[in-house]
Amino acid sequence: MKSNIFQAIKLTLVCLVFFMGIYTLAIYGIAQFAPNNGKGEIISYNSYTYYSNVGQSFTDDKYFNTRPSAVGYNAAGSGGSNKGPSNPDYLAEVQARIDTFLIHNPGINRSEIPSDLVTASGSGLDPHLSVQAVRVQVKRIAKIREIAEGNIFQLILANTEKPLFGLFGTEKINVLKLNIALDKLK
């Protein structure tokens with residue numbers, strides 16, 4: 001019994017040293033090779049500072065809407081809602097988002113609305129949308145801003161991020177970067 005306790009204490013100490021020291025320093029070292037030393041990409045625009053890796057709220061019709069957030073876009077409290085797809089409150093919330101989207105985007109059918117426009121991501125802070133979710137909003141923005149749809153489609157193409165190594169993930173668009181580019185277009 002004594003030998004088991006000492007073995008457990010040794011293993012605990014080794015794990016503490018490894019995970020609190022060696023592992024932490026290794027991850028920190030790897031992060032130094034990432035943009036902005038692993039602190040995320042910072043964008044300054046119109047005297048405001050934004051982090052491009054954190055979702056932002058865009059509600060004005062002249063901008064592309066972003067993915068809904070279960071945490072109110074608060075990066076300090078990242079997390080999902082934990083409501084299942086059969087939860088009546090969740091279904092009512094999604095239905096309200098669909099109804100709001102249809103009001104602001106006349107001429108769009110309910111079946112054309114991608115799920116990422118009406119459901120929150122797991123973190124509640126996803127800054128990206130699918131290409132389809134961005135394209136379905138083009139008519140509204142072109143009409144409000146009085147810009148040709150073709151120009152907006154070119155902007156979408158220029159801001160589309162390809163899958164990692166062409167294999168991992170899907171094409172996506174950072175909504176913050178797209179909306180800033182949209183402001184600069186005119």
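Looking across segment 28-60 at every residue that is touching a residue at least 40 places away in the same chain (Cβ under 8 Å) and within 22 Å of Ser121 (Cα to Cα), the one that is surrounded by the fewest Cβ atoms within 10 Å (Cβ to Cβ) is identified as Phe58. With respect to the conditions (1) buried (at least 16 other Cβ atoms within 10 Å of the Cβ); (2) within 17 Å of the chain's Cα centre (by Cα); (3) over 18 Å from Val54 (Cα atoms); (4) without any contact (Cβ under 8 Å) to a residue 24 or more places away in the chain, Val138 falls short on a single one, namely (2).
In the condition set (1) part of a loop (DSSP other than H, G, I, E, B); (2) out of contact with any Lys or Arg (no Cβ under 9 Å at 6 or more places or on another chain); (3) closer than 19 Å to Glu149 by Cβ, Thr66 is compliant with all but (3). Taking each residue of segment 171-182 that is assigned by TED's automatic domain parsing to the domain that holds Leu157 and looking for partners that are buried (at least 20 other Cβ atoms within 10 Å of the Cβ) and of a type in the set (Val, Ile, Thr) with beta-carbon atoms closer than 6 Å, six or more apart or interchain, yields Ile173/Val134; Val175/Thr66. Taking segment 40-78 as the search range and keeping residues that are at pLDDT below 80 and on the phi > 0 side of the Ramachandran plot, which one is nearest to the chain's Cα centre (by Cα)? So, considering only residues that are at pLDDT below 80 and on the phi > 0 side of the Ramachandran plot, the one nearest to the chain's Cα centre (by Cα) is Tyr73. Scanning segment 69-109 for residues that are in a loop (DSSP other than H, G, I, E, B) and of a type in the set (A, V, I, L, M) yields Ala70, Val71, Ile108. In segment 110-131, the qualifying residues are those that are over 18 Å from Ser78 (Cα atoms) and in a helix (DSSP H, G or I), and the one that is nearest to the chain's Cα centre (by Cα) is Leu117. Provide a single number: the residues in segment 141-170 that are without any contact (Cβ under 8 Å) to a residue 40 or more places away in the chain and among the β-branched types (Val, Ile, Thr). Residues in segment 141-170 being without any contact (Cβ under 8 Å) to a residue 40 or more places away in the chain and among the β-branched types (Val, Ile, Thr): 4 in total.
The values are calculated or read from the model by the stated rules, or taken from the named source; none is laboratory data. Please read all numbers here as calculations on a predicted model, not as lab measurements. Every residue, glycine among them, receives a Cβ derived from its backbone with ideal geometry; neighbour counts consider all protein chains shown.
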